[in-house]
Ligand code: NI
């Protein structure tokens, strides 16, 4: 089922989300919510979606990042992010809750994320580059943080079509 996406300004996006409980796993709530979140992410062509973005204030996110940094479709329940490098990167990020905009966001270049998988078993992965940005972006949502909060230079916040016209690497700037 495709769920409705909360847009910036909706209070659910600024709330600190609650931990997913054992009961949430046992009742089948986690499995069905993860299904709906994948349907929704695919319909909107996202690389990640956090539960608060579909009006659910729980610590649950799904990610699917294409190659080369690739992450296969992965649900992350109660995820915790830990940087594994001092190195910082800047990534162009957008958000389904802030449609039409893109901005340049500084973040640690590699992170470890510990989470529960769909069955409630502990899992982790170490990711870098765009995948690391995606994981951090989704986990930020669980703390009520949006990427625009992290932009260092507000001049890098722009409409996606103007970004593609003037700032994309695919063509020369003017
Ligand atoms: Ni987002």
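Can you tell which of 160, 156 is at pLDDT 95 or above, in contact with a strand residue (DSSP E or B) (Cβ under 8 Å, 6 or more places away or on another chain) and farther than 20 Å from residue 6 by Cα?
Going through 160, 156 in turn, just one is at pLDDT 95 or above, in contact with a strand residue (DSSP E or B) (Cβ under 8 Å, 6 or more places away or on another chain) and farther than 20 Å from residue 6 by Cα: 156.
All but one of (1) within 15 Å of the ligand (Cβ to nearest atom); (2) free of Cβ contacts under 8 Å to residues at least 40 places away in the same chain; (3) more than 12 Å from the chain's Cα centre (by Cα) hold for residue 64; which doesn't?
(3)
Working carefully through the options 135, 105, find the one that is within 13 Å of the ligand (Cβ to nearest atom) and either farther than 18 Å from residue 70 by Cβ or modelled with pLDDT under 95 (or both).
105
Mind listing just one residue for me: the one in the stretch 76-89 that is away from the ligand (no atom under 16 Å from the Cβ) and in contact (Cβ under 8 Å) with a residue 24 or more places away in the chain and, of those, nearest to residue 164 (Cα to Cα)?
To start, the set of residues in the stretch 76-89 that are away from the ligand (no atom under 16 Å from the Cβ) comprises 77-78, 80, 82-89.
Pick out the ones that are also in contact (Cβ under 8 Å) with a residue 24 or more places away in the chain and you get 77-78, 80, 82-85, 89.
Working: 77: 34, 78: 35, 80: 33, 82: 32, 83: 30, 84: 32, 85: 30, 89: 20 Å.
The selected residue is 89.
Here is a check on your reading of the model: is residue 73 under 24 Å from residue 40 (Cα atoms), in a strand (DSSP E or B) and touching a helix residue (DSSP H, G or I) at 6+ places or on another chain (Cβ under 8 Å)?
yes
Looking at 69, 43, which one is out of contact with any strand residue (DSSP E or B) (no Cβ under 8 Å at 6 or more places or on another chain) and surrounded by fewer than 18 Cβ atoms within 10 Å (Cβ to Cβ)?
43
Does residue 159 fit the bill of being farther than 27 Å from residue 18 by Cα and in contact (Cβ under 8 Å) with a residue 24 or more places away in the chain?
So residue 159 passes the test.
Could you list, in sequence order, all residues of the stretch 98-123 that are closer than 22 Å to residue 167 by Cβ and either in a strand (DSSP E or B) or touching a helix residue (DSSP H, G or I) at 6+ places or on another chain (Cβ under 6 Å) (or both)? Full working, then the answer.
Going residue by residue through the stretch 98-123, those that are closer than 22 Å to residue 167 by Cβ are 98-107, 109.
Selection gives 100, 101, 102, 103, 104, 105, 106, 107.
Could you please let me know if residue 144 is assigned to a strand (DSSP E or B), surrounded by 15 or more Cβ atoms within 10 Å (Cβ to Cβ), within 16 Å of the ligand (Cβ to nearest atom) and within 15 Å of the chain's Cα centre (by Cα)?
The answer is no for residue 144.
Take the residues of the stretch 31-50 that are within 13 Å of the ligand (Cβ to nearest atom) and part of a helix (DSSP H, G or I): which is nearest to residue 117 (Cα to Cα)?
My answer is 37.
The values are calculated or read from the model by the stated rules, or taken from the named source; none is laboratory data. Remember, it's a predicted structure, so these values are computed and weren't measured experimentally. Note: ideal-geometry Cβ built from the backbone for every residue, glycine included; neighbour counts use all protein chains shown.
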